[in-house]
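Below is one structure, written out as structure tokens; comments come after it.
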Amino acid sequence: GAGVSQSPRYKVAKRGQDVALRCDPISGHVSLFWYQQALGQGPEFLTYFQNEAQLDKSGLPSDRFFAERPEGSVSTLKIQRTQQEDSAVYLCASSFNLDRDLIQYFGAGTRLSVL
Amino acid sequence: DAKTTQPPSMDCAEGRAANLPCNHSTISGNEYVYWYRQIHSQGPQYIIHGLKNNETNEMASLIITEDRKSSTLILPHATLRDTAVYYCIDPLFGNEKLTFGTGTRLTIIP
């Protein structure tokens, strides 16, 4: 099991509830990315970390979305006061970032359903 | 990110070569073309990338036109497990993130 691990795989939340989604990247990977994928669409970028530094959060849709990676490994994406439009698959990816290529390794995602 | 254009869907018979086209007419000289695929209920998977020369690996071949405005991903002997959405990506140079678009839904027919 050396791949990117995400938990939980499925999450059902009531509207207004806070949720936390976890990503365990591949050991030693410097870069970590979060993407959001709505039904029938391609993944869309949310935010990017290099080690513990959040270098780009331009894709976060609102201030209800918050991501952290305090020790440069595991990352958590938190969504406060969830809304129905937050229902999507949340994908995490990691990469070595040694040659600045864009080869990213993805987890299976967390499917969030907000009722 | 620069825009790519792909057909929304394609079918291919099992055992035949699947050829997936992509137009990236606004690509600049130092931007690579990346291909990923996403099998149902899984995360995207990297396939191959290239700058201007044709590339081949254990998964696929990538043919890039001389003017670099288009490319074709070739799966030489498609199997049922190759059924997936295939994304052609032309990221801006220096940009770390991937912009996926809607891709091509490839269905391998038994």
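The values are calculated or read from the model by the stated rules, or taken from the named source; none is laboratory data. Everything numeric here is computed off the predicted structure, so don't read it as measured data. Please note: Cβ atoms are built from the backbone with ideal geometry, for glycine as well, and neighbour counts cover all protein chains shown.
Observations on the structure shown:
- Of the strands (runs of 3 or more DSSP E) lying entirely inside segment A:53-95, those containing at least 2 residues that are surrounded by 14 or more Cβ atoms within 10 Å (Cβ to Cβ) and either within 14 Å of another protein chain (Cβ to nearest Cβ) or at pLDDT below 95 (or both) are A:53-56, A:88-95.
Conditions (1) over 19 Å from B:Thr99 (Cβ atoms); (2) of a type in the set (Asp, Glu), marked per residue:
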position: A:Val4; (1), (2): yes, no
position: A:Val19; (1), (2): yes, no
position: A:Leu32; (1), (2): no, no
position: A:Asn51; (1), (2): yes, no
position: A:Gly59; (1), (2): no, no
position: A:Asp63; (1), (2): yes, yes
position: A:Arg69; (1), (2): yes, no
position: A:Ser73; (1), (2): yes, no
position: A:Lys78; (1), (2): yes, no
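- Filtered by the rule that a residue be at the interface with chain A (Cβ under 7 Å from one of its Cβ atoms) and not aromatic (Phe, Trp, Tyr), segment B:100-110 gives B:Gly101, B:Thr102, B:Gly103.
- Filter pass, A:Arg22 being assigned to a strand (DSSP E or B) and touching a residue at least 12 places away in the same chain (Cβ under 8 Å): yes
- The single condition from (1) over 15 Å from B:Arg37 (Cα atoms); (2) crowded, with 21+ Cβ neighbours inside 10 Å; (3) within 14 Å of chain A (Cβ to nearest Cβ) that B:Ile64 fails is (3).
- Residue list for segment A:25-43, restricted to those being among the hydroxyl-bearing types (Ser, Thr, Tyr) and either assigned to a strand (DSSP E or B) or surrounded by 14 or more Cβ atoms within 10 Å (Cβ to Cβ) (or both): A:Ser31, A:Tyr35
- Considering the conditions (1) surrounded by 13 or more Cβ atoms within 10 Å (Cβ to Cβ); (2) within 21 Å of A:Gln104 (Cα to Cα); (3) of a type in the set (S, T, N, Q); (4) in contact (Cβ under 8 Å) with a residue 12 or more places away in the chain, B:Asn30 is excluded by exactly one of them, (1).
- Number of positions in segment B:67-99 that are more than 14 Å from chain A (Cβ to nearest Cβ) and among the β-branched types (Val, Ile, Thr): 4
- Here B:Gln6 clears all of (1) more than 15 Å from the chain's Cα centre (by Cα); (2) surrounded by 13 or more Cβ atoms within 10 Å (Cβ to Cβ); (3) at pLDDT 95 or above except the condition numbered (1).
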